[in-house]
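The values are calculated or read from the model by the stated rules, or taken from the named source; none is laboratory data. Just so we're clear, the structure is a prediction, and the values are computed from it rather than from any experiment. Please note: Cβ atoms are built from the backbone with ideal geometry, for glycine as well, and neighbour counts cover all protein chains shown. Just the protein is used for accessible areas: all its heavy atoms, side chains included, with ligands, DNA and RNA removed. Shrake-Rupley method; radii C 1.70, N 1.55, O 1.52, S 1.80 Å.
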Amino acid sequence: MISSKYIPSKIEEKWYRYWIQNNFFKSIPDKRKAYTIVIPPPNVTGILHIGHMMNNTIQDVLIRKARMNGYNACWVPGTDHASIATEAKVVSYLKEKGISKNELSRNEFLEHAWKWTNKHGGIIIDQLKKLGCSCDWDRTKFTLDKQMSESVTKVFVDLYEEGLIYKGHRMVNWDPDAQTTLSDEEIFFEESKGKLYHISYKICESEENIIIATTRPETIFGDTAIAVNPNDNRYSNLIGKRAIVPIVNRTIPIIADEYVSMELGTGCLKVTPAHDENDYKLAQKHNLNFIDIFNSDGTLNNHGLSYEGLDRFDVRNKLVTEFKKLDILLETKEHRHKLSKSERTNSIIEPRFSEQWFLKMDKISNSAFKSISNNDIKLFPKKFINFYNHWLENIRDWNISRQLWWGHQIPVYYYGKDKKEFVVAENKQMALKKAILNSGNKNLKIEELKQDDDVLDTWFSSWIWPISVFNGILEPNNEDIKYYYPTNDLVTGPDILFFWVARMIMSGYHLKNQKPFSNVYLTGLIRDSQGRKMSKQLGNSPDAVQLMVKYGSDAVRVGLLLCAPAGNDLLYDENLCKQGKNFANKIWNSYRLIESWKPDNKLSMEPSSKIAIDWYESKYNKTLSKINDEFKKFRISHALMEIYKLIWDDFCSWFLEIIKPEKGKIDNYTYKKVKYFFERNLKILHPFMPFISEEIWHLLEKRNINESLIISSWPKVNDFDKLILEKFEYSKELISQIRSARKNNSISFKDSIKLICSNQIDKELRPIVEKMGNVNDWTFEVNDAQIISFRVLENEYSIPVKNSNFEEEVVKITKELHYLEGLLNLIDKKLSNQKFINNAPKSVIEKEKKKAFDTKLKIENLSKSLKNLKLKLSK
């Protein structure tokens, strides 16, 4: 028995288990051409959110279609150790248990971290399976796996030996909450209301004062100079003198530099080299001292004097009070400025002068620029190319060290009494050999080596992901890397275009001398109905798993993709999932309808069925051609919309209605054809809705394992008849007009009607119009007292009616005419706009011209109908 309702929960687990058991997702190198995608690895302890669902659905659509196209499709899954996020969760978990990270040794902390990861890790993998993702799960990687970790270490060592990695003091972005440095790409800027404080500094051995303006009075403890512009006559007499830092009572020089703006603030700049990027540059230029006043958690250190141990923002408030008491706070102004914040913790970033490890980017970034500019790697949509190039043109060396314990420990080993000498090696044994060779100390023991405490930036493992997942770092000529690399397509978000995509391109060319992928599909961000980014803090992110439970995985996949054009943000609405569910129900009910028919070899094919079959054959092939083109352009949502319209409108609403038998019996030929068409529909539907399509595929006919839909062939485009498509569109419009006339004039569909035509209608169309419009008579003579008229293109039609209300028709047509005239006016304005003509694609301009032509024709036809109606009223 066929269920009256489509119940996703009954079939999804069944078919996923079936696919897994029969190794349909598994890929090993063979004679076929490979099609490869590597998953953007989600956080190992993360859970599936709606952004993951959209991104991974797109990847699954691409991989399933490639599989059906005959490729050896390989989708490599995996998870990321996510240093900052995971360590923060573990620290928080331990804190709840009354354990401080500072009380633990590194190994003790890592033991807790691994327990946490093993407990919470893998949840997202199971959730991806529920979504229907057809990854080769035997290939699942984790960035801290032994092979992956050894790959990261080797890359660091090799790059260091090439002179591309160095240790140096630099101004870095410090996250006081995570207590680690961040790269420029890991911070964001937020508009903020602050205050600008005007503070008076005394001049040494003088009654004079100099007034500085600052937004950060707490940094006075790190002041080592005051700078003025040499062209500023207000302060020229003070250049070379010394000022006294309030509270600290340290004297500092007053220097001249053209960097200082004479218009900004008071024209005097307090220079705090250890805590401001620009001040740091001034200090280097003028040989100033550096005083670091902060602890790693954002509290003041011993340089903060009586404020030692207090948070930086508490110190600010207390200092303002003290300044007022000392009568040196002359003015406080409201001030809007941009604050840099951590992407991970939302903490306000503290610029900090620190010793870190860096990777020279200028040496390896050229390949990333060239590959995009010469189209070797394509970005979809193209609008991100300028954004991408701008970043590369302003690239800085990559700060790759992080002050954390969870992650890949930097393979640098220090030795000697003061532990200032070091070697870089893949393990401690190799490090000892190098250290003995460098130092000449043959008695050096392995216990005397101390590995660098820091770990590598998480992205340092992710940037080699397309290579390392195939073990291409440790075994550069193994069969997998030779077969699967370069990969084909990458699907990711534009927010990690620089974090990840650009760096993978660099590593691909530098380490393999090959691009890592050919196409990058950049998805949009999912926002709520108010346009806000989905986030846990706002509480506007729906439970992704519950959506699948409520609507079914296929429905959620369709709902998200229908409104997710590449690179454009999606305004999420749960109604999208309802739309997907309605589509699944429509498909299910169409199958139930077909199964209710009984084929009868004694019956002849209806004339209307023959036309419908010829039409749908052509319609399918024309649509398939368009779907294939949309896939080539990575317009995945457009491809789905074509399938949606084909199945819902053309197949269900027209084709099935035309061939539907009156008494449940249908001729054999038509029955075979409808099943054939249904199978063809399921093939193009499968990448988007894998569960329901596989279910119906096996219900339509008993099939063995090798005949499963997942490994069936993608349909080929056959020739299609443009003329029959045009004729059928005309028939559809005529039938719609007849139905509208029936509704407006209360003519029951059960009652047959006579159709009066102005011209001879194509005989081929008549059977369809007769069946779908319940027309039993065609005539060219108007003998009826009252008729209602309408036009299809240039042809006029009439239907005899009883007690027709001509006044209502006049009002209705007049209203429609006003609308069409307004529409035509807008189109004409657009076509007369030279900017539009010069910039719009030719296809868009032609579309607007056709729209103008069709609108003019409708206006002309309606005007004639209105004139005829008014004549009838005057009689």
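Being more than 30 Å from the chain's Cα centre (by Cα) and either over 29 Å from Ala178 (Cβ atoms) or modelled with pLDDT of 95 or more (or both), is that true of even one residue in the range 72-91?
no
Which ranges mark the strands (runs of 3 or more DSSP E) fully within the range 760-855 that have 2 or more residues being open to solvent by 30 Å² or more (accessible area, probe 1.4 Å), touching a Phe, Trp or Tyr at 6+ places or on another chain (Cβ under 8 Å) and at pLDDT below 80?
Per the criteria, no element qualifies.
Scanning the range 630-645 for residues that are in contact with a helix residue (DSSP H, G or I) (Cβ under 6 Å, 6 or more places away or on another chain) and of a type outside the set (A, V, I, L, M, F, W, C), which turns out surrounded by the most Cβ atoms within 10 Å (Cβ to Cβ)?
That would be Glu642.
Considering only the range 388-400, I want to know if a residue exists there that is in contact with an Asp or Glu (Cβ under 6 Å, 6 or more places away or on another chain) and within 23 Å of Thr143 (Cα to Cα).
Yes, there is a match, as at least one residue in the range 388-400 is in contact with an Asp or Glu (Cβ under 6 Å, 6 or more places away or on another chain) and within 23 Å of Thr143 (Cα to Cα).
Would you point out the residue of the range 119-145, among those that are part of a helix (DSSP H, G or I) and touching a strand residue (DSSP E or B) at 6+ places or on another chain (Cβ under 8 Å), that is least open to solvent (accessible area, probe 1.4 Å)?
The qualifying residue least open to solvent (accessible area, probe 1.4 Å) is Ile124.
Find all pairs meeting these conditions: Cβ atoms under 9 angstrom apart; at least six residues apart or on different chains; first residue within the range 228-251 and closer than 27 Å to Gly304 by Cα and open to solvent by 70 Å² or more (accessible area, probe 1.4 Å); second residue outside any loop (DSSP other than H, G, I, E, B) and not hydrophobic (A, V, I, L, M, F, W, C).
Taking only residues 6 or more apart or on different chains, the pairs are Lys241/Pro253; Arg242/Thr251; Arg242/Pro253.
Which members of the range 437-468 meet the condition of being assigned to a helix (DSSP H, G or I), within 23 Å of Gly407 (Cα to Cα) and among the polar types (S, T, N, Q)?
Thr458, Ser461, Ser462, Ser468, listed by residue number.
With respect to Ile349, determine if the residue is surrounded by 17 or more Cβ atoms within 10 Å (Cβ to Cβ) and in contact with a His (Cβ under 9 Å, 6 or more places away or on another chain).
no
Here is a list: Asn107, Asn102. Which entry is at pLDDT below 95 and within 17 Å of Leu404 (Cα to Cα)?
Going through Asn107, Asn102 in turn, just one is at pLDDT below 95 and within 17 Å of Leu404 (Cα to Cα): Asn102.
If Phe323 passes every condition in (1) open to solvent by less than 40 Å² (accessible area, probe 1.4 Å); (2) within 29 Å of the chain's Cα centre (by Cα) but one, which one does it miss?
The one condition Phe323 does not meet is (2).
Answer yes if at least one residue in the range 722-735 is modelled with pLDDT of 80 or more, closer than 22 Å to Trp615 by Cβ and in a loop (DSSP other than H, G, I, E, B), and no otherwise.
No: the range 722-735 contains no residue that is modelled with pLDDT of 80 or more, closer than 22 Å to Trp615 by Cβ and in a loop (DSSP other than H, G, I, E, B).
Taking helices (runs of 4 or more DSSP H) that do not extend beyond the range 516-617, which have at least 2 residues that are over 26 Å from Gln127 (Cα atoms)?
Output list reads 575-596.
Please specify each residue of the range 18-77 satisfying the condition of being among the β-branched types (Val, Ile, Thr), surrounded by fewer than 18 Cβ atoms within 10 Å (Cβ to Cβ) and not in a helix (DSSP H, G or I).
Ile28, Ile47
Output the residues belonging to the range 503-520 that are open to solvent by less than 10 Å² (accessible area, probe 1.4 Å) and either at pLDDT below 95 or within 21 Å of Asn477 (Cα to Cα) (or both).
Once the filter is applied, which keeps residues that are open to solvent by less than 10 Å² (accessible area, probe 1.4 Å) and either at pLDDT below 95 or within 21 Å of Asn477 (Cα to Cα) (or both), the range 503-520 yields Met504, Ile505, Met506, Ser507, Gly508, Pro516, Phe517.
Go through the range 252-281 and give me each residue that's touching a helix residue (DSSP H, G or I) at 6+ places or on another chain (Cβ under 7 Å), among the aliphatic types (A, V, I, L, M), free of Cβ contacts under 8 Å to residues at least 60 places away in the same chain and open to solvent by less than 10 Å² (accessible area, probe 1.4 Å).
Within the range 252-281, Ile254, Val271 qualify.
Residue by residue through the range 548-598, note down the ones that are open to solvent by less than 50 Å² (accessible area, probe 1.4 Å) and β-branched (Val, Ile, Thr).
Val556, Val558, Ile587, Ile594
Going through Lys370, Lys434, Lys383 one at a time, which residue ends up being at pLDDT 95 or above and either part of a helix (DSSP H, G or I) or of a type in the set (A, V, I, L, M) (or both)?
Of Lys370, Lys434, Lys383, the one residue that is at pLDDT 95 or above and either part of a helix (DSSP H, G or I) or of a type in the set (A, V, I, L, M) (or both) is Lys434.
Looking only at the range 423-474, which residues are open to solvent by 60 Å² or more (accessible area, probe 1.4 Å) and closer than 27 Å to Asn102 by Cα?
Lys428, Glu447, Glu448, Lys450, Asp453
Could you check the range 498-515 and list, in sequence order, the residues that are touching an Asp or Glu at 6+ places or on another chain (Cβ under 8 Å) and not in a helix (DSSP H, G or I)?
Lys515
Quick one: what pairs do we get from the range 801-814, first residue farther than 10 Å from Gln786 by Cα, second of a type in the set (A, V, I, L, M, F, W, C) and modelled with pLDDT of 75 or more, C-beta under 8 Å, 6+ apart or different chains?
What qualifies is Glu809/Ile788; Val810/Leu866; Ile813/Leu862; Ile813/Leu866; Thr814/Leu866.
Identify all residues within the range 151-187 that are assigned to a helix (DSSP H, G or I) and either within 28 Å of the chain's Cα centre (by Cα) or not charged (D, E, K, R) (or both); write none if there are none.
Ser151, Val152, Thr153, Val155, Phe156, Val157, Leu159, Tyr160, Asp184, Glu185, Glu186
What strands (runs of 3 or more DSSP E), lying completely within the range 244-349, carry at least 1 residues that are under 18 Å from Thr215 (Cβ atoms)?
In the range 244-349, the matching strands (runs of 3 or more DSSP E) lie at 268-271, 329-342.
So, in the range 599-629, exactly how many residues are touching a helix residue (DSSP H, G or I) at 6+ places or on another chain (Cβ under 6 Å), in contact (Cβ under 8 Å) with a residue 40 or more places away in the chain, open to solvent by 20 Å² or more (accessible area, probe 1.4 Å) and closer than 15 Å to Leu640 by Cα?
0
Here's the yes/no breakdown for (1) touching a helix residue (DSSP H, G or I) at 6+ places or on another chain (Cβ under 6 Å); (2) of a type in the set (Lys, Arg); (3) touching a residue at least 60 places away in the same chain (Cβ under 8 Å):
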residue: Asp480; (1), (2), (3): no, no, yes
residue: Pro516; (1), (2), (3): yes, no, no
residue: Gly524; (1), (2), (3): no, no, no
residue: Arg532; (1), (2), (3): no, yes, no
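I need every pair where a residue in the range 2-21 that is farther than 20 Å from Ser134 by Cβ has its Cβ under 9 Å from the Cβ of a residue that is modelled with pLDDT of 95 or more and of a type in the set (Lys, Arg), sequence separation at least 6 or different chains.
Here the result reads Ile2/Arg592; Ser3/Arg592; Ser4/Arg592; Tyr6/Lys581, each pair linking the range 2-21 to a residue that is modelled with pLDDT of 95 or more and of a type in the set (Lys, Arg).
Would you confirm whether or not the range 188-207 contains a residue that is open to solvent by 50 Å² or more (accessible area, probe 1.4 Å), hydrophobic (A, V, I, L, M, F, W, C), assigned to a strand (DSSP E or B) and at pLDDT below 95?
The answer is yes; a qualifying residue exists.
Got a sec? Which of Asp719, Asp751 is under 30 Å from Arg32 (Cβ atoms) and open to solvent by 70 Å² or more (accessible area, probe 1.4 Å)?
Asp719
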